[in-house]
Amino acid sequence: MSIERIDLGEVPYEVAQKNMVRWVAERKQDRAGNRLFLLTHPPVITYTARTPVDQLPPATSPISLVEVDRGGHATYHGPGQLIGYLVLNVRELGPRGLVRRIERALIRAVGSLGFEAIRRDTPRGAESLVGVWTADHRKLASIGMRISEGVTSHGFALNVRTDLDVYTSFTACALPGTQMTSLAQLAVESGLPTPAEAQVRDAVAEAVTAELASAWTES
């Protein structure tokens with residue numbers, strides 16, 4: 001099993017979603033292999049049909065609001081954040097196995113950059129804690145996927161130099177009171193330099209590719 005890495009620059013969210021429909025169709029029809037798209041978005045807050053209205057930003061918010069078909073709830077995408085969209089055949093793994101492997105891959109990538117991160121189990125009946133967290137339970141990366149006919153879409157968002165103030169305007173991931181963080185903030189706290197975007201992209205691509213390749217080897 002192989003995953004092709006495709007680096008894109010800043011892509012408007014609506015454009016990326018239209019492209020994703022085509023990427024998924026290509027994978028379903030075996031006109032393309034498994035792919036990891038790495039990119040950024042201009043500021044946008046996305047949410048799902050399950051997101052309560054009172055968790056969204058006020059109507060006066062200057063940031064675009066877009067409903068999407070992935071799992072999860074409301075989240076923010078914007079400059080300084082690395083987005084990873086995975087379009088791959090996942091029949092051998094199952095959705096739960098995929099999400100856990102993405103968590104592990106991102107934790108491995110963050111660790112290679114000098115920062116400690118963890119995953120958290122979700123208590124029964126509670127909102128999902130899927131994602132990547134610091135040991136003191138600040139959220140560093142969010143994961144939201146969709147699977148159709150065995151092919152995935154959407155993916156993950158890792159805060160690198162993200163404007164964290166945006167998260168005060170809405171409830172991220174249906175988790176009131178959760179504090180978001182970024183590699184830049186952790187770097188300041190640790191006395192380390194903030195990794196360059198290219199360095200983060202390389203670390204994430206390597207970790208995700210290695211983690212998912214091992215899953216196919218095991219299956």
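Residue 48: over 23 Å from residue 206 (Cα atoms), within 17 Å of the chain's Cα centre (by Cα) and at pLDDT below 90, yes or no?
So residue 48 passes the test.
Would you be able to tell me the number of residues in segment 95-142 that are of a type in the set (Val, Ile, Thr) and touching a Leu at 6+ places or on another chain (Cβ under 8 Å)?
Number of matching residues: 5.
Go through segment 7-28 and report how many residues are exposed (fewer than 15 other Cβ atoms within 10 Å of the Cβ) and not acidic (Asp, Glu).
So the answer is 8.
List pairs: first in segment 1-20 and in contact (Cβ under 8 Å) with a residue 40 or more places away in the chain, second open to solvent by less than 40 Å² (accessible area, probe 1.4 Å) and small (Gly, Ala, Ser), Cβ under 6 Å, 6+ apart or cross-chain?
Sorted first by the residue in segment 1-20, then by its partner, the pairs are 1/213; 5/205; 20/153.
Filter segment 56-112 down to residues that are more than 21 Å from residue 202 (Cβ to Cβ) and free of Cβ contacts under 8 Å to residues at least 40 places away in the same chain and give me whichever is most open to solvent (accessible area, probe 1.4 Å).
Among those residues, the one meeting the criterion is 96.
Can you name the condition, by its number, that residue 133 falls short on among (1) open to solvent by 10 Å² or more (accessible area, probe 1.4 Å); (2) touching a Lys or Arg at 6+ places or on another chain (Cβ under 7 Å); (3) of a type outside the set (A, V, I, L, M); (4) without any contact (Cβ under 8 Å) to a residue 60 or more places away in the chain?
In the conditions (1) open to solvent by 10 Å² or more (accessible area, probe 1.4 Å); (2) touching a Lys or Arg at 6+ places or on another chain (Cβ under 7 Å); (3) of a type outside the set (A, V, I, L, M); (4) without any contact (Cβ under 8 Å) to a residue 60 or more places away in the chain, residue 133 misses (1) alone.
Can you give me the number of residues within segment 34-49 that are touching a residue at least 40 places away in the same chain (Cβ under 8 Å) and open to solvent by 40 Å² or more (accessible area, probe 1.4 Å)?
1
Taking segment 178-201, which residues are closer than 27 Å to residue 3 by Cβ, surrounded by fewer than 17 Cβ atoms within 10 Å (Cβ to Cβ) and not aliphatic (A, V, I, L, M)?
197, 199
For segment 146-163, give me each residue that is open to solvent by 30 Å² or more (accessible area, probe 1.4 Å) and under 22 Å from residue 64 (Cβ atoms).
146, 161, 163
Only one of (1) out of contact with any Ser or Thr (no Cβ under 7 Å at 6 or more places or on another chain); (2) crowded, with 18+ Cβ neighbours inside 10 Å; (3) over 17 Å from residue 79 (Cα atoms) fails for residue 117. Which number is that?
Unmet condition: (1).
Mind checking whether some residue in segment 164-177 is among the charged types (D, E, K, R) and either within 16 Å of the chain's Cα centre (by Cα) or open to solvent by less than 20 Å² (accessible area, probe 1.4 Å) (or both)?
No - not one qualifying residue is present in segment 164-177.
Answer yes or no as to whether residue 44 is more than 25 Å from residue 194 (Cβ to Cβ) and of a type in the set (A, V, I, L, M, F, W, C).
Judged against the criteria, residue 44 is not a match.
The values are calculated or read from the model by the stated rules, or taken from the named source; none is laboratory data. It should be emphasised that the depicted structure is a prediction, and the values quoted were computed from it without experimental measurement. Ideal geometry is used to build each Cβ from the backbone, glycine not excepted, and the neighbour counts take in all protein chains shown. Each accessible area value is taken on the protein alone, full model and side chains, heavy atoms only, with ligands, DNA and RNA left out. Shrake-Rupley method; radii C 1.70, N 1.55, O 1.52, S 1.80 Å.
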